[in-house]
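K.L.:
Mind looking over this structure? Questions follow.
The values are calculated or read from the model by the stated rules, or taken from the named source; none is laboratory data. Because the structure is a prediction, the values reported are computed rather than measured. Positions of Cβ are generated from backbone atoms using ideal geometry, with glycine treated the same way; all protein chains shown enter the neighbour counts. Please note that ligands, DNA and RNA were not included when accessible areas were found on the heavy atoms of the full protein model with its side chains. Shrake-Rupley method; radii C 1.70, N 1.55, O 1.52, S 1.80 Å.
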Amino acid sequence: MPSQHVLTQEEWVAAMAKRAMDRIRSELYLDLRYMNAALGALVPTPAAGLHNLATDGAALCYDPEWFIGLYRSNRRYLPRAVLHSVLHCVFRHPWLRGGRDASLWGLACDIAVENVLDNLNRSSVKRPLTWVRQNAYAAIAAEGRVVAAAPAYRWLAGQTPGILRQLEREFYTDDHRLWPKD
């Protein structure tokens with residue numbers, strides 16, 4: 001009788017994280033059928049040590065240990081986080097920074113994507129709309145008429161460091177370190 005390979009802890013975590021990622025993506029496919037092409041464009045890719053989601057435009061990178069831990073503790077967060085990263089690519093955020101400040105541009109892109117998600121009104125990505133979000137969206141819309149990355153960037157450039165920290169805490173969702181440099 002041939003011996004069966006017993007999974008190591010690392011192999012088990014990787015396998016469970018892949019299954020969890022597949023389940024999250026299936027949920028999004030079912031709830032947002034019109035996003036099938038975009039959702040399928042990014043290849044889920046394990047990236048140990050990342051401790052978040054990140055995309056380079058071709059892969060949706062995730063730390064298996066972080067992903068499975070979050071799947072166990074706060075599963076409702078993950079579909080929104082996955083779609084958040086996908087929408088950065090749909091809106092071409094990683095490639096449109098130009099000479100803008102990278103951290104402000106990242107925050108502006110996060111605000112723009114979260115505004116779209118907050119307005120989708122879909123069960124897979126729904127979350128409470130906080131006071132911070134409502135005020136940020138209203139202020140950006142008042143200046144630029146649309147809550148997109150460029151108007152958000154212009155609005156953020158006039159904010160104090162304290163407000164910027166508050167907005168970062170509110171809108172940070174994924175890691176932008178894989179985005180192309182200038």
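K.L.:
What helices does the chain hold that run 24 Å or longer along their axis, going by alpha-carbon atoms, with a Kyte-Doolittle average of 0.5 or more, using DSSP H for the helix calls?
P.N.:
The qualifying helices are 102-120.
K.L.:
Return the percentage of antiparallel bridges among DSSP beta bridges fully within the chain, rounded to the nearest 5 %.
P.N.:
Among the beta bridges of the chain, antiparallel pairing accounts for roughly 40 percent.
K.L.:
In Å², what does the accessible area per residue of the range 1-119 work out to with a 1.4 Å probe?
P.N.:
Solvent-accessible surface per residue comes out at 51 Å².
K.L.:
Can you tell which of Pro44, Gly158, Gln9 lies farthest toward the positive end of the dipole of the chain, using +1 and -1 charges on the Cβ of basic and acidic side chains (Lys, Arg; Asp, Glu)?
P.N.:
Toward the positive end, the furthest listed residue is Gly158.
K.L.:
Skip the ligands, DNA and RNA, and give the accessible area per residue of the range 136-182 with a 1.4 Å probe, whole Å².
P.N.:
Averaged over the residues of the range 136-182, the accessible area is 58 Å².
K.L.:
Hey, another quick one. Rounded to the nearest 20 debye, what is the charge dipole size of the range 111-182 about its Cα centre when +1 sits on each Lys and Arg Cβ and -1 on each Asp and Glu Cβ?
P.N.:
120 debye
K.L.:
Related question: Considering Cα pairs under 8 angstrom that are at least six residues apart, work out the relative contact order of the chain and quote it in whole percent.
P.N.:
23 percent
K.L.:
Can I ask one more? Given a cut-off of under 8 Å on Cα pairs at least six residues apart, what relative contact order in percent is computed for the range 38-141?
P.N.:
Relative contact order here is 20 percent.
K.L.:
Now, a different point. Relative contact order of the range 1-78, please, whole-number percent, based on alpha carbon pairs below 8 angstrom and at least 6 residues apart.
P.N.:
In percent, rounded to a whole number, it is 27.
K.L.:
Counting only protein heavy atoms and a 1.4 Å probe, tell me what percentage of the chain's accessible area is made up of carbon and sulfur.
P.N.:
Carbon-and-sulfur percentage of accessible area, whole number: 56.
K.L.:
If you don't mind, there's one more thing I want to ask. Once amide H atoms are built 1.01 Å from N in the peptide plane, which residues 5 or more positions from Cys61, or in another chain, come under 5 Å H to H?
P.N.:
Answer set, sorted by chain and number: Thr45, Ala54, Thr55, Asp56.
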